[in-house]
1. Test of understanding: among GLU14, GLU10, which residue is of a type in the set (D, E, K, R) and more than 18 Å from PHE79 (Cα to Cα)?
2. Hey, among THR205, THR211, which residue is of a type in the set (Ser, Thr, Tyr), touching a strand residue (DSSP E or B) at 6+ places or on another chain (Cβ under 7 Å) and either in a strand (DSSP E or B) or in the same structural domain as ILE117 (by TED's automatic domain parsing) (or both)?
3. Kindly indicate the residue of the stretch 25-40 that is open to solvent by 40 Å² or more (accessible area, probe 1.4 Å) and in a helix (DSSP H, G or I) and also farthest from ARG75 (Cα to Cα) among those meeting that condition.
4. When you check GLY66 against the structure, is it open to solvent by less than 50 Å² (accessible area, probe 1.4 Å) and part of a helix (DSSP H, G or I), yes or no?
5. Which residue pairs have Cβ atoms under 6 Å apart, sit 6 or more places apart or on different chains, and have a first residue in the stretch 301-319 that is on the phi > 0 side of the Ramachandran plot and a second that is of a type in the set (Gly, Ala, Ser) and within 14 Å of the ligand (Cβ to nearest atom)?
6. Residue check: is ASN228 at positive phi, polar (S, T, N, Q) and surrounded by fewer than 20 Cβ atoms within 10 Å (Cβ to Cβ)?
7. Looking at GLY221, GLY184, GLY194 in this structure, which one is of a type outside the set (A, V, I, L, M) and within 13 Å of the ligand (Cβ to nearest atom)?
8. Might you check whether a residue that is over 34 Å from the mean Cα position of the chain (by Cα) and more than 12 Å from the ligand (Cβ to nearest atom) occurs anywhere in the stretch 295-310?
Amino acid sequence: MRERLQALKEEATEAIETVADLESLRELKVKYLGKKGELTGILRGMGKLSPEERPVIGSLANDIRGQLEELISEREASFEEKALSEKLHLEKIDVTLPGITHPVGSVHPLNLIIEQIEDIFVGMGFEVAEGPEIETDYYNFEALNFLKDHPARDMQDSFYFTPEMLLRTHTSPVQVRTLEAKEGYVPVRIICPGKVYRRDDDDATHSHQFTQIEGLVVDRGVSMSELNGVLLSFIEKIFGEGTEMRLRPSYFPFTEPSVEVDIYDPERGWIEILGAGMVHPRVLEKAGYNPERYTGFAFGMGVERIAMLKYGIEDIRHFYNNDLRFLRQFRSV
Ligand code: 2NL
């Protein structure tokens with residue numbers, strides 16, 4: 001019995017010392033020291049021992065149990081310590097690492113100007129209207145009193161999908177659509193911002209795609225002097241109080257009379273910034289408004305041009321290249 005206990009001790013000690021992980025260690029504990037374990041098994045046979053031998057073997061077995069238990073808890077502690085230090089290592093946080101920054105964008109200068117212009121006109125009672133960029137010949141030209149052989153209608157000057165469908169060359173078709181939708185009711189006071197397309201070679205001052213804002217007022221008794229007042233208010237708000245404005249006679253198929261509007265810049269003199277005029281009676285009539293009863297004025301401006309003058313931008317292509325060095329300059333505007 002003594003030899004069996006000694007052999008068990010040696011076998012168990014060897015196994016416990018070389019065990020690879022905590023789980024296997026716990027299995028060994030059950031195997032050697034558990035209720036159905038080997039040590040218990042040996043002790044069950046003690047009944048066959050003489051009364052003199054019994055306490056000696058009993059005490060030896062208890063010593064062995066104690067030693068094995070101690071060895072097991074040492075190993076347990078060392079596995080736990082190892083596991084903890086691995087966990088700590090894995091969860092290590094380097095608080096000196098640079099943080100992850102989430103870059104904050106800024107409003108595009110064109111949208112910035114569109115918002116400013118919209119705010120100014122909304123302050124004067126206008127509503128903002130939008131419409132499709134792909135238009136029919138009717139809304140883009142015919143309803144606006146362009147003659148069949150007008151050069152803008154040429155395939156060379158506009159982007160056509162079919163002879164009837166094209167990319168709009170101005171936002172006027174949105175205004176015609178708004179007039180039609182209002183079915184002869186007044187007042188009409190709208191501005192229409194949006195992208196427009198013309199077949200141009202791109203350079204510092206031309207782009208085949210640009211942004212336009214047009215305005216339209218139709219009511220009883222709308223006059224040229226109201227146009228003058230609305231445009232002067234707008235110009236003073238966007239370019240500063242006291243900015244001088246002048247009107248020059250011009251021509252558009254859809255207005256009569258038509259004017260070109262200039263502002264005075266101390267460094268460059270008179271600069272053209274928009275076109276305007278009294279809505280042509282034929283345009284009112286086609287859209288369902290009796291030109292004997294109602295009159296209207298309209299105007300149109302290139303947003304890029306306004307932004308270029310306001311911020312001193314010398315090349316229209318800056319608006320489309322998305323160079324962050326350009327765009328970031330408008331962060332605080
Ligand atoms: C320019 C000139 C203009 C209009 C646009 C318009 C619209 C309707 C009726 C009459 Cl529905 N006119 N729009 C009027 C005058 C000038 O734009 O130089 N744009 C960049």
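The values are calculated or read from the model by the stated rules, or taken from the named source; none is laboratory data. This one's a predicted model, so the numbers in the text were calculated from it and none came from an experiment. As a convention, Cβ positions derive from the backbone with ideal geometry for all residues, glycine included, and neighbour counts pool all protein chains shown. Heads up: the accessible areas ignore ligands, DNA and RNA and are worked out on the full protein's heavy atoms, side chains in. Shrake-Rupley method; radii C 1.70, N 1.55, O 1.52, S 1.80 Å.
1. Just a single option satisfies the conditions, and that option is GLU10.
2. So the residue among THR205, THR211 that is of a type in the set (Ser, Thr, Tyr), touching a strand residue (DSSP E or B) at 6+ places or on another chain (Cβ under 7 Å) and either in a strand (DSSP E or B) or in the same structural domain as ILE117 (by TED's automatic domain parsing) (or both) is THR211.
3. This residue is GLU38.
4. Here the answer is yes, as GLY66 does meet what is asked.
5. Correct list of pairs: empty, since none qualify.
6. Considered against the rule, which asks whether it is at positive phi, polar (S, T, N, Q) and surrounded by fewer than 20 Cβ atoms within 10 Å (Cβ to Cβ), ASN228 comes out as no.
7. On inspection, the qualifying residue turns out to be GLY194.
8. For the stretch 295-310, residues over 34 Å from the mean Cα position of the chain (by Cα) and more than 12 Å from the ligand (Cβ to nearest atom): absent.
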